[in-house]
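Worksheet for the structure shown next.
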Amino acid sequence: MRIAIVGAGSLGTIVGAYLADGGMDVELIDAYQEHVDALNQTGAKVTGTTEFQAKVKAITPEQKSGQYDLVLLLTKQLYNESVLKELLPYLHEDSVVCSLQNGIPEDNVASIVGAERVIAGSVEFGATFMEPGVSSLTTAYPQFKQYAFQIGELNGETTERIQRVKEVLDLVGGTHISNNLVGTKWSKLLINNAFSGLSAALNGTYGDILDHEAGIRSAVHIIDETIKVGHANGVSFVTMNGFDMASLELQSEKEVPARIETLRHVMEPSRLLKASMLQDLEKQRKTEIHYINGVVSSKAKGTGIATPYNDTVVQLVEAAEEAQNVPEFAANIHAFEQLLNMSQV
């Protein structure tokens, strides 16, 4: 099996190291020339909660050749149009493209490479890019080896090809087949929308949102909008870590205090996190906001469901992108306070 890792950054470096060490014919594809050079010269080095190094083959996108049997897609979604169109000549009829991106990119990926080629995937471990050729595993190593990925066919079937992909990814870490991976990705999306979205829109950590009354109330409403839009699009949300994510939906404003209490408990271990989208703004880069909160706004069209909280997150992050600066918490929180005042009238 010939494998391509498209987007060999923090996660892709780790995946490539373990696949190459496991004897797979794998190419790590990345546009960062220094990183590609380091990977080829000294191998892929994994630090953090483990120490591991493997010899790998890395190339830049224009060096692709032949055809790939399996593509692991780890680029940011905002590059999908160009990345996937450039990939088409290197796919054959039975090639499999496994989307391992944030959000719910599968419809977009399928529209370019063909739905019959696409399987959905979810990365369950964290990593930080340290320097060319080096990535730090931030998830506890035993957990990583037990639970690294979830994958699944878009229709929920357990097929022969999904079993083959599982065997490959098991070389990296524990890989589990889900019959509702779309539901899994939407369940993750609602947390990302609330906390990553607000972290970027306000310039704060998850803890800053948890500790601010308007911030945490806005998070409750962002989650509620996401669940309602998901249900309207036929999504069945999954239970994660024993918690029923769909139970966060609001039936009335009276339920907001209870939802706040739940979120503060569930998200407390993550209070130090700062959204990668905020880090993008700090580096004056484009963010994935249209593929995170923007998904809810777009999927709401035609459903009759209003999404003012998600819309506001998108607008504020877009404004910061255009101005090439980071938001000010004290200034941007007013937009959410106005929405909250309207909902309480």
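The values are calculated or read from the model by the stated rules, or taken from the named source; none is laboratory data. Source: prediction; values computed, not measured. As a convention, Cβ positions derive from the backbone with ideal geometry for all residues, glycine included, and neighbour counts pool all protein chains shown. We work out accessible area using only protein heavy atoms, side chains counted, and drop any ligands, DNA or RNA first. Shrake-Rupley method; radii C 1.70, N 1.55, O 1.52, S 1.80 Å.
Miscellaneous remarks
- Crossing angle, helix 33-42 versus the chain [Cα axis fit, 0-90 degrees, rounded to tens]: 50
- Taking only alpha carbon atoms, segment 183-343 gives an Rg to Rh ratio of 0.94, where Rh is the Kirkwood radius.
- Less than 5 angstrom separates the built amide H of residue 53 from those of 46, all sequence-distant by 5 or more or on a different chain.
- Across 68, 32, the residue with the most accessible area heads the list, and the full order at a 1.4 Å probe is 32, 68.
- Packing rank of 126-135, 191-200, where each peptide gets the mean count of other beta carbons within 10 Å, highest leading: 191-200, 126-135
- The amide H of residue 287, built 1.01 Å from its N in the peptide plane, has no neighbour under 5 Å, considering only residues 5 or more places off or on other chains.
- When peptides 267-275, 46-54 are sorted by average Cβ neighbour count within 10 Å, with the highest value leading, the order is 46-54, 267-275.
- Restricting segment 1-85 to trypsin sites (Lys or Arg not before Pro) in coil, as DSSP defines it, with at most 15 other Cβ within 10 Å: 55
- P(r) weight above 40 Å for the chain, C-alpha pairs, percent: 12
- The DSSP beta bridges internal to the chain are antiparallel in roughly 35% of cases.
- Backbone geometry of segment 326-338 corresponds, through the Karplus equation with coefficients 6.51, -1.76 and 1.60 at θ = phi - 60°, to 3J(HN,Hα) couplings of 9, x, 10, 4, 4, 7, 6, 5, 4, 4, 6, 4, 5 Hz, x marking Gly and Pro.
- Cα long-axis angle, helix 10-21 against the chain (0 to 90 degrees, to the nearest 10): 30
- Overall form of segment 4-76 per C-alpha gyration tensor (a/c, 1.5; a/b vs b/c): prolate
- Proportion of all alpha-carbon pairs of segment 154-205 beyond 16 Å (%): 58
- Using distinct alpha-carbon pairs, which all enter the 1/r mean, Kirkwood radius of segment 120-237 in Å: 16.3
- Residue-averaged 222 nm ellipticity for the chain, from DSSP H runs of 4+ at -39500 (n - 2.57), nearest 500: -13000 deg cm²/dmol
- Taking every Cα-Cα distance in segment 192-233 and sorting them into 10 Å bins starting at zero, the pair-distance distribution P(r) comes out as 33, 48, 17, 2 percent.
- Amide H contacts of residue 130 (H built 1.01 Å from N, in plane; Pro and chain starts excluded): 135, 136 sit under 5 Å, all sequence-distant by 5 or more or on other chains.
- Leading residue at positive end of dipole, segment 2-179 (Cβ point charges), from 118, 35, 77: 35
- Cα centroid separation - segment 174-242 against segment 74-100, whole Å: 26
- Compactness of segment 2-179, expressed as Rg and Dmax over alpha-carbon positions, Å: 14.9, 42
- Share of Cα-Cα pairs in segment 72-160 lying beyond 24 Å, as whole percent: 29
- Axis of helix 181-191 versus longest Cα principal axis of the chain: the two differ by about 50°, to the nearest ten degrees.
- Across segment 222-280, the relative contact order, built from alpha-carbon pairs under 8 Å that are at least six residues apart, equals 25 percent.
- Diffusion coefficient of segment 79-127 by Stokes-Einstein, Kirkwood radius over Cα pairs, 20 °C, 1.002 mPa s: 188 µm²/s.
- Listed residues 323, 214, 44, most fluctuating in the chain (Gaussian network, C-alpha, under 10 Å): 323
- Here the peptides 118-125, 183-190, 335-342 are ranked by packing, the mean other Cβ count within 10 Å, and the order with the highest first is 183-190, 118-125, 335-342.
- Apportionment of accessible area to carbon and sulfur, the chain, percent (1.4 Å): 48
- Probe 1.4 Å, protein heavy atoms only - accessible area per residue of segment 60-185 in square angstrom: 42
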